[in-house]
1. Which value results for Rg/Rh of segment 30-115 when Rg is the Cα radius of gyration and Rh the Kirkwood radius based on the inverse mean 1/r?
2. With N residues in the chain, what two-decimal value do you get for its Cα radius of gyration over 2.2 N^0.38 Å?
3. Taking only protein heavy atoms and a 1.4 Å probe, what accessible area per residue, in Å², does segment 1-146 have with all protein chains in place?
4. Report the chymotrypsin sites (Phe, Trp or Tyr not before Pro) located in segment 56-159 that are in a DSSP loop and have at most 14 other Cβ atoms inside 10 Å of their Cβ, or state none.
5. Mind telling me which of 132, 142, 114 comes out most flexible in a GNM of the chain, alpha-carbon contacts under 10 Å?
6. Relative to the longest principal Cα axis of the chain, at what angle does helix 66-83 sit, 0 to 90 degrees, rounded to 10?
7. Running a GNM on the chain with Cα contacts under 10 Å, which residue among 99, 45, 128 ends up with the highest mean-square fluctuation?
8. Leaving out ligands, DNA and RNA, and with a 1.4 Å probe, what % of the accessible surface on the chain is carbon or sulfur?
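The values are calculated or read from the model by the stated rules, or taken from the named source; none is laboratory data. What you see is a predicted model; the values in this text were computed from it and never measured. Note: ideal-geometry Cβ built from the backbone for every residue, glycine included; neighbour counts use all protein chains shown. Only protein heavy atoms, including side chains, enter the accessible area calculation; ligands, DNA and RNA are left aside. Shrake-Rupley method; radii C 1.70, N 1.55, O 1.52, S 1.80 Å.
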Amino acid sequence: MRRTQMDTPAPTCVAWHPPPDGCVKINFDGATFKDINKAGLGIVIRDGFGQVMASLSEQIQLPYSSDLVEAMAAAKAIYFAAELGFSSYVLEGDSELIIKALKKEEDSLAPFGHILAAAKTSTDVSCISFSHIRRLGNSVAHNLAKHARHVAGLKVWME
């Protein structure tokens, strides 16, 4: 059977969208490097125009699950924002499981729940929201997480 253009599903456009006025957007991601028993965390903070204000790559010991790596990246993003004095932001990542856990009022009972709970309660935030985006729209944070393979410890870039 011959496929026509009408049979082919339209590609989904996934792109980064700016945060609401008065907020920044913080994208996070994790990557695993099983061959060297390490993982990478990637974080990028951008203003409403998409300009990078700060970014981070960190290499850590490989935890026992990729969900734990994502949770650690989310927590690191919250701590990083607090260190830089941001109190109004959208935290966005491509792990639907982690974003759902962050959105819940009650603490998650998942193995990573305590990491998210500690991060959420440790900072003084005036406005925070959580957003899920597909991997394609989270490519800067993903590339920073992959770059951590080449970082000894932590590397931070500021505007």
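1. On the way: Rg = 13.4 Å, Rh = 13.8 Å.
Using only Cα positions, Rg/Rh for segment 30-115 is 0.97.
2. Here the Cα radius of gyration is 1.10 times the empirical estimate.
3. Numbers: 7990 Å² over 146 residues.
With the other protein chains kept in place, segment 1-146 gives 55 Å² per residue.
4. Answer in residue order: 64.
5. Residue with maximal mean-square fluctuation among 132, 142, 114: 114.
6. The angle comes out at about 60 degrees.
7. 128
8. Here it works out to 54 percent.
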